[in-house]
1. Taking all protein chains together and a probe of 1.4 Å, list R57, R129, R136, R70 from the most accessible to the least accessible.
2. Distance in nm between label sites at S171 and T71, each 7 Å beyond Cα in the beta-carbon direction?
3. Quick one: grab the alpha carbon gyration tensor of region 133-184, order the square roots of its eigenvalues as a ≥ b ≥ c, and give me rounded if a/c is under 1.5, else prolate or oblate depending on whether a/b is larger than b/c.
4. With r defined as the distance between the Cβ atoms of A113 and F163 and R0 fixed at 25 Å, what FRET efficiency is calculated, to the nearest 0.05?
Amino acid sequence: GDAYGRRMKLGTASFYFDLYDAYGDPELGWVVRDSPAPAEAMFLSRLPDGGGVPDIRTRHWPEHGYTMLRTQEGTDYWKGDGYTAFVSNDIDSVHSHHDKFDLIVYGRGVHLAVDPEALATPEHAFSSRVQGELNRATLCHNTVMVDGLEHSSIGEKLEVVDFTDSAEVKSVTIRDAAGRVYPAVS
């Protein structure tokens with residue numbers, strides 16, 4: 001989503017060093033331990049000591065409208081050998097993206113279903129009007145479109161009909177029974 005048309009690895013974002021310095025959370029330490037420290041890191045009161053790699057599992061966050069389905073879980077998740085699907089049924093509020101039913105799939109080191117957004121160019125800088133409108137449009141997300149139309153803004157989450165997290169099956173089913181995203185389409 002909000003990587004502004006680019007893909008980045010966790011440890012390459014220098015603000016993780018600042019977060020680690022402020023909180024000392026081992027879960028932040030492991031993210032940056034193998035990443036090059038920014039020049040300003042020499043002023044940090046403490047540097048990452050490694051910390052333990054967090055245990056990652058399939059999870060549904062109903063309060064956020066997000067679901068992550070993972071074939072490889074535990075600390076092995078970070079090896080990147082499995083598959084992960086990220087599904088959104090969130091409200092359209094944070095950045096007003098029209099991306100209900102958004103799906104991102106990553107497997108074995110490759111983005112298989114990318115939420116593309118549009119790359120900023122000198123003519124269309126990130127803060128430009130056209131860039132803002134384009135990146136928030138349904139067209140720039142890996143989601144459902146009906147008759148090539150932009151989906152309607154609705155300020156509520158879509159219904160999660162089923163969430164299954166078992167050894168055999170990991171799935172989520174989302175629906176818009178009232179036909180609010182696309183009128184008369186449920």
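The values are calculated or read from the model by the stated rules, or taken from the named source; none is laboratory data. What you see is a predicted model; the values in this text were computed from it and never measured. Cβ placement follows ideal geometry from the backbone for every residue including glycine, while neighbour counts extend to all protein chains displayed. Calculation scope for accessible area: heavy atoms of the full protein, side chains included, ligands and nucleic acids excluded. Shrake-Rupley method; radii C 1.70, N 1.55, O 1.52, S 1.80 Å.
1. On the way: R57 120, R129 185, R136 85, R70 20 Å².
Sorted descending by solvent-accessible area, the residues read R129, R57, R136, R70.
2. For the pair S171/T71, the computed spacing is 1.6 nm.
3. Prolate.
4. Values: r = 19 Å, r/R0 = 0.78.
For A113 and F163, the calculated efficiency is 0.80.
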